[in-house]
Structures are given as structure tokens and as C-alpha cells.
1. Take residues that are under 26 Å from the mean Cα position of the chain (by Cα) and tell me which of the strands (runs of 3 or more DSSP E) falling wholly in region 127-211 contain 2 or more.
2. Taking region 222-236 only, how many residues are β-branched (Val, Ile, Thr) and assigned to a loop (DSSP other than H, G, I, E, B)?
3. Quick one: would you say residue 263 is polar (S, T, N, Q) and either farther than 23 Å from residue 286 by Cβ or in contact with a Leu (Cβ under 9 Å, 6 or more places away or on another chain) (or both)?
4. Kindly provide the set of residues from region 264-295 that are under 17 Å from the mean Cα position of the chain (by Cα) and more than 13 Å from residue 310 (Cα to Cα), ordered by number.
5. Can you tell me which residues in region 102-155 are touching a residue at least 12 places away in the same chain (Cβ under 8 Å) and either on the phi > 0 side of the Ramachandran plot or among the basic types (Lys, Arg) (or both)?
6. What's the number of the condition residue 232 fails, among (1) crowded, with 18+ Cβ neighbours inside 10 Å; (2) aromatic (Phe, Trp, Tyr); (3) over 22 Å from residue 305 (Cβ atoms)?
7. Do you know which of the residues in region 237-259 that are surrounded by fewer than 17 Cβ atoms within 10 Å (Cβ to Cβ) and assigned to a loop (DSSP other than H, G, I, E, B) is farthest from the chain's Cα centre (by Cα)?
Amino acid sequence: MKYSLVLIFFSFSCLCYGEDSILNLQKIRSRGDFISEQYVIQDGEHKLSLVSDPTERTILKRQLYLEDISLPESLFFDTQISALSADGDDIWLGSRSGDIARYSLSERKWTSFVRGEESLAIRMVQSIQIESERIWFLSYGSVAIYSKRHDRFIQLSIPDDQEYRGLQSAVLMGQGLISGTQSSNLRRIRLDSQSVIQQTPSLRNITFLKDLKNGTLLAGTEMDGLFILDEYFQPRPLSENNRKTSAVRAVLGDPDVRMIGGSYGAGLFQLVRQGEGYDIVFLHTPVQWITDGVEIKGEYYFSSLGQGLVVLDGETLQSRFYGISEGLSGLDINALVYVDPYLICAVQGQGIIKIHENYFKTP
């Protein structure tokens, strides 16, 4: 009897949506009808297996695996998303003008926490760092903390020191953040205190930080390249030709073997471990202006300004490119975050795109 009811429901769903069911997929998603969505996707994937025309395949893939999510004008002052992070299936977004909001993938619901306003980039959300109890939001001129337990925001008072001005990058460490500044040195920021780490006076305009999980940090500067900071924050250049790694926006992979980096201006490159340092090997791809990157199940995904997405095979480093002709709604992608099985992209001035990983697996 139970099996018969399932067959009847499946037949009823097919009759309801008919041949144009895929065209209705966005409406089905918007009302949260998960069961109907799965039936439609199964039907669409079957049709996709029968289609050989490249244009038709692209259209079908976009309808099945891509979903454009617009930013509500009532919640956002600025649609230029500058930072993304994920906490479970909650996507946290920060904008160039200081908007902070959350989007629930499961509930399809927006929640606004901070409304942005006109500023000269000083409110721009540079980084979102998530802990079990709180979420840190780093802007050029301030730090905010969201307490999950108390469901409220705390604004920290950060002295505007001319020598250590401009918070540009962050990584979680100990009871707070280590932040790279535009002027020089690093700052340690905690709930109850802040201080300057003066071991790095030679490093200026630190726009990238990454915890290598081995007691060291990777610090990237806009002009002088990448540096490894030891446990005492003493810096040493990553390679002999260090300036070639300037303006890095993402570094992925295994620091003990090989990492893949992306630069805003110099494109993609390998960092191959050689003793205490690395050899730099540039990858010959047309993508130049890298903005972010994530590693997903052994592959490297990078976003760019003007050239969409590039995906590198984890073994061969062969590249695949995704732009307008492959179904993306925009080529200027500022930030990425992965929430299994979706890649979330912040498209400049348009909102976010939710891309199912099958989009990248299907020829």
C-alpha cells in the first residue's frame, strides 16, 4: 500500500509539472517544495543525458544546478559583497559599505544585522571569521562580534593608531584575531584587549593571512609578496623571487608538499616545497585577477574579476573555465564559500549564485 502511494504521488507530480517542469524549477525552489524539486531534477538529469547539442546542454545545466539569489534592497545599502563565510547552512555576508546579513539555505530566509551606509571604504567588511560561540567581522576601521549565545552584536573600540592603521586581513588564533594592517605590523584583537605585534615592522599592507596549522602563519603583502611567520611572528620570505607572489588573495593545498596560489594581477601559480622555502611556478592560464579560492574534494576553485570561475584538477592542474557561455550570470565574482554540496559565489552588484557541485561534474 505504501509503495502504491509513492507511485501515485510521483505520477501526480509529473502530471502537475508536465514537459515544462524544469522551467518551473525556480518557483518550486522559492516555495521550499523539496520533494517536487527532487523529482524535477531527476527528470531534468534524464533529459540532459539524452541531449548532445552544447547550447541546449548549457541551458539545461543552468536550470538544474544554478540558482540566482538576489539581495533584498530593503536589507542592503550596497550590493557589492566583499566577504562570505558559512556557519552550517547559514551564509554570512558583508558588503563594501558595511552591510552584515545572514541567509539560511534551508529556510531561504534573510536576516539583516547591520545596515551599511556611505563611506570611503572604511566600513568595508574585509573578513568574516567563525568560531563555535561567536562570529568576528573585520572592517577597515572596526571590529564587530556576533554572540551566537546571546544573539547580539558587540562593537569593539579599536584605537586609530597611525602606525598600525587599516585592518585588512584576519585569522583566528587563541582567544581572538590576528589582523594584518595597511600601515605596518600585525594587531592582536581580543574581546577585552588589543595590542600591536611589533615583530613584523618590515611588512606593510598585509592583505592576506592564512593559518598553516603547523605553528606558522602565511602573510601576504600587496607589494612584497608572501612571508612565513614563525611562532614568534618573525617573518621570512616564502621564496627567493618573493615579489612575484604579491597581492595574493587565496592559497590552497598542502603546505608540506604543494600549494596553489591566486594573485590579484598575476594569476595562478604553484608553490612547490623546497627545503625551508618554495619554488614558484606560474600556471599559464588567461585568468589574471584572482579574488578568492576554495578547495573542494581535491579540486581548486578560484574566482576572478572579469573572468568568472576557474577550476583546477587536484592532480594534473588542468583548468576548466566557467563564464557567461557556461551559464553564469556574471563574471565579476568577489568571494566564494562552500557548503556541501553547493558553491556559493558573490557576484559583483548582482547578489549570490548557488551552484550545485554536479554542475562542475557534468560535461
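1. Numbers: elements: 134-139, 142-147, 152-156, 167-173, 176-181, 186-190, 194-197, 206-211.
Where strands (runs of 3 or more DSSP E) fall fully within region 127-211 and carry at least 2 residues being under 26 Å from the mean Cα position of the chain (by Cα), they are 134-139, 142-147, 152-156, 167-173, 176-181, 186-190, 206-211.
2. The initial filter retains those residues of region 222-236 that are β-branched (Val, Ile, Thr), namely 228.
Subset that is assigned to a loop (DSSP other than H, G, I, E, B): none.
Summing the residues that are β-branched (Val, Ile, Thr) and assigned to a loop (DSSP other than H, G, I, E, B) in region 222-236 gives 0.
3. On the way: polar (S, T, N, Q): yes; either farther than 23 Å from residue 286 by Cβ or in contact with a Leu (Cβ under 9 Å, 6 or more places away or on another chain) (or both): no.
Judged against the criteria, residue 263 is not a match.
4. 264
5. Residues satisfying the conditions are 102, 108, 115, 121, 123, 134, 148, 149.
6. (1)
7. For region 237-259, the residue satisfying everything is 240.
Residue-by-condition table, conditions (1) of a type outside the set (A, V, I, L, M); (2) closer than 19 Å to residue 343 by Cα; (3) modelled with pLDDT under 95; (4) buried (at least 18 other Cβ atoms within 10 Å of the Cβ):
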site: 83; (1), (2), (3), (4): no, yes, no, yes
site: 90; (1), (2), (3), (4): yes, yes, no, yes
site: 120; (1), (2), (3), (4): no, no, yes, no
site: 134; (1), (2), (3), (4): yes, no, no, no
site: 143; (1), (2), (3), (4): no, no, yes, yes
site: 151; (1), (2), (3), (4): yes, no, yes, no
site: 166; (1), (2), (3), (4): yes, no, yes, yes
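The values are calculated or read from the model by the stated rules, or taken from the named source; none is laboratory data. No experiment lies behind these values; they were computed from the predicted model shown. Don't worry about glycine lacking a Cβ; one is built from the backbone with ideal geometry, like all the others, and counts go over all protein chains shown.
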